[in-house]
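Heads up, the thing below is written out as structure tokens.
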Amino acid sequence: MADAVAESDLKQTPLYDLHVELGARMVPFAGYSMPVQYKAGIMAEHQHTRTKAGLFDVSHMGQAILIGPDHETTARALEALTPSNFVELGPGRQRYTVLLNGEGGIIDDLMVTRPVSQGDDGRLMLVVNAARKDVDYAHLREKLPENVTLQVVEDRALIAVQGPEAVAAVAAHAPKAAELDFMSAAPMEFDGIGCHIARAGYTGEDGVEMSVPAGAAEAIARALLADDRVEPIGLGARDSLRLEAGLCLYGHDIDETTSPVEGAITFCMQKRRREEGGFPGDERIQAELKDGPGRVRVGLRLDGKAPAREGAEIALPDGPVIGTVTSGGFAPTVGAPIAMGYVPADHAATGTALELIVRGRRLPAAVADTPFVPNRYYRKPKS
Amino acid sequence: MTTYFSKDHEWIAVDGDIATVGITTYAQEQLGDVVYVELPEAGKALSQGDEAAVVESVKAASEVYAPIDGEVVEANDVLADEPAKVNEDPQGAAWFMKMTVGNADQLTALMDEAAYKAYVETL
């Protein structure tokens, strides 16, 4: 995960000074100096997020806006690069998608939001992975039609608040946040500061991601941390939380060689797009949808206590190697080691007995359903 | 009994010809929450610098190297069930292994507690 970059070359987010003041251990990540953990430690931070609320600085991620003449034009432009339906994405709704290369491999995974305001018609807001910003932006600029432009947002920070008490803590300052449904977003004031808040996240818990003015980020973070329910959470727990939630980490669980079908993220492909195609790599992806992929990402549970990490080989019991672990570690909420990795589709059924090879030893494991910990996303009651 | 320290953040408590080896408080703090410890079996012959044990935190696996030559006489099986003891009492109950002192000359190159403290200050 760590990049070999000199400390001085690392970028800082608007919350850097606050991290240091809070006693964070700072590490290089995607060109930024980021908190991997605070004083409480990864285990306590993980548990706090699952039971109360955690605050994450995710300002290293890329925020950008696609700007076209009207929603249909901008949506079609993005549909040409992704397998998702954006034409029918409603105002104020958010959708997870992937940028695809010509072979149907994943250039990046990202969140796309259609602004709720009619005045923003023709705009789609993107949040992309920090390590893929340059690649994504170059790709978009090359592929977008002339009447749709990419505007990179440099003056906003991104703060995630996640956990069963996260929305209550945010709503104390931004009451409208409590009205948001899962995967919806709206502009609103947080203590009088203009923010854009989405009800989404990367932990499997209820919560929000807040795009805030860079200059106000520290004040907003301090206001939230003053709430007893909210503690700062580093990248270490962010990783263990998303792993338990069964969510992919780009560059590890999905990359330019894996398709969304192999990556088991076909929920990003809506019905019209699956049927019509019209996206990069559609021949491969539609064939995989029809006939099944050769390999597929699965969850893995280990019987013992030893974790299997990225790169560990997956083998049949007393048999040949059939795949590789792409993410793995100790899962604090599960209380046991878990992993994800790719196996041939005929060995992907839940419960299939496998072995994970760690330091030459074969550890018994089995294919497991994901998420490993049940999602607790908020779904608005239908009125 | 004399306790030595290595630059790899191990402590080595020597009593006669048996050395008890563990990791230091500093090492434990750097690792964070320990979730698994893999220890060598009794009878294993180690040369200085050999991989003797593996300690896994939530985040990563780290090797523990043999600080001296010797043969493992006992591993601390308590750590198999209670790896978190490494965080709680690294320089006491959470010792990793007992080994023979195969080459007493190697001990002289290790640090005493004061020298180790000074070394940690420089990190």
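Remarks
- All positions within region A:263-311 that are within 14 Å of chain B (Cβ to nearest Cβ) and among the charged types (D, E, K, R): A:ASP303, A:LYS305, A:ARG309, A:GLU310
- Taking the conditions (1) out of contact with any helix residue (DSSP H, G or I) (no Cβ under 9 Å at 6 or more places or on another chain); (2) not in a loop (DSSP other than H, G, I, E, B) in turn, A:ALA64 satisfies each one other than (1).
Listed here are the residues, each with its yes/no results for (1) surrounded by 18 or more Cβ atoms within 10 Å (Cβ to Cβ); (2) free of Cβ contacts under 8 Å to residues at least 24 places away in the same chain; (3) basic (Lys, Arg); (4) in contact with a strand residue (DSSP E or B) (Cβ under 9 Å, 6 or more places away or on another chain).
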| residue | (1), (2), (3), (4) |
| --- | --- |
| A:PRO320 | no, yes, no, no |
| A:GLY328 | yes, no, no, yes |
| A:VAL343 | yes, no, no, yes |
| A:ASP346 | no, yes, no, no |
| A:ARG359 | no, yes, yes, yes |
| A:LEU363 | yes, no, no, yes |
| A:ARG379 | no, no, yes, no |
| A:LYS382 | no, yes, yes, no |
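- A:MET34 in a strand (DSSP E or B), within 14 Å of chain B (Cβ to nearest Cβ) and over 20 Å from the mean Cα position of the chain (by Cα): no
- Taking helices (runs of 4 or more DSSP H) as the structural unit, those lying wholly within region A:211-299 and holding at least 3 residues that are at pLDDT 95 or above and surrounded by 18 or more Cβ atoms within 10 Å (Cβ to Cβ) correspond to A:217-225, A:235-244, A:282-291.
- Lone unmet requirement of (1) over 20 Å from B:ALA115 (Cα atoms); (2) more than 10 Å from every other protein chain (Cβ to nearest Cβ) for B:LYS59: (2)
- Within region B:107-123, the set of residues being buried (at least 18 other Cβ atoms within 10 Å of the Cβ) and either assigned to a helix (DSSP H, G or I) or out of contact with any Ser or Thr (no Cβ under 9 Å at 6 or more places or on another chain) (or both) comprises B:TYR116 only.
- Within region A:31-53, the set of residues being buried (at least 21 other Cβ atoms within 10 Å of the Cβ) and hydrophobic (A, V, I, L, M, F, W, C) comprises A:MET34, A:VAL36, A:ILE42, A:MET43, A:ALA53.
- Considering region B:83-105, the residues that are within 14 Å of chain A (Cβ to nearest Cβ) and surrounded by 17 or more Cβ atoms within 10 Å (Cβ to Cβ) include one that is nearest to the chain's Cα centre (by Cα), namely B:VAL86.
- None of A:VAL20, A:VAL27, A:VAL5 is modelled with pLDDT of 95 or more and either of a type in the set (D, E, K, R) or not in a helix (DSSP H, G or I) (or both) except A:VAL27.
- When B:ALA115 is tested against (1) touching a helix residue (DSSP H, G or I) at 6+ places or on another chain (Cβ under 6 Å); (2) at pLDDT 95 or above, exactly one condition is not met: (1).
- Checking each residue in region A:329-380 for being closer than 11 Å to A:GLY299 by Cβ, within 14 Å of chain B (Cβ to nearest Cβ) and of a type outside the set (Gly, Ala, Ser) picks out A:VAL334, A:ILE338.
- Checked against (1) more than 12 Å from the chain's Cα centre (by Cα); (2) more than 14 Å from every other protein chain (Cβ to nearest Cβ), B:ALA75 passes all but condition (1).
- Summed over region B:3-34, the residues that are surrounded by 19 or more Cβ atoms within 10 Å (Cβ to Cβ), of a type in the set (D, E, K, R) and within 14 Å of chain A (Cβ to nearest Cβ) give a count of 1.
- Region A:44-53, residues that are under 20 Å from the mean Cα position of the chain (by Cα), in a helix (DSSP H, G or I) and either within 11 Å of chain B (Cβ to nearest Cβ) or not hydroxyl-bearing (Ser, Thr, Tyr) (or both): A:GLU45, A:HIS46, A:GLN47, A:HIS48, A:ARG50
- Residue list for region B:35-56, restricted to those being more than 11 Å from chain A (Cβ to nearest Cβ) and closer than 25 Å to A:GLY23 by Cβ: B:VAL55
- If you go through region A:317-328 and keep only what is outside any loop (DSSP other than H, G, I, E, B) and more than 14 Å from chain B (Cβ to nearest Cβ), you end up with A:VAL321, A:ILE322, A:GLY323, A:THR324, A:THR326.
- Test: residue in region A:77-91 that is of a type in the set (Phe, Trp, Tyr) and either without any contact (Cβ under 8 Å) to a residue 60 or more places away in the chain or in contact with a Cys (Cβ under 9 Å, 6 or more places away or on another chain) (or both): yes
- Meets criteria (assigned to a strand (DSSP E or B), within 25 Å of the chain's Cα centre (by Cα) and surrounded by fewer than 21 Cβ atoms within 10 Å (Cβ to Cβ)) for A:THR350: no
- Among the candidates A:VAL128, A:VAL87, the residue that is surrounded by fewer than 22 Cβ atoms within 10 Å (Cβ to Cβ) and in contact with an Asp or Glu (Cβ under 8 Å, 6 or more places away or on another chain) is uniquely A:VAL87.
The values are calculated or read from the model by the stated rules, or taken from the named source; none is laboratory data. Since the structure is predicted, the reported quantities are computational estimates derived from the model, not experimental observations. As a convention, Cβ positions derive from the backbone with ideal geometry for all residues, glycine included, and neighbour counts pool all protein chains shown.
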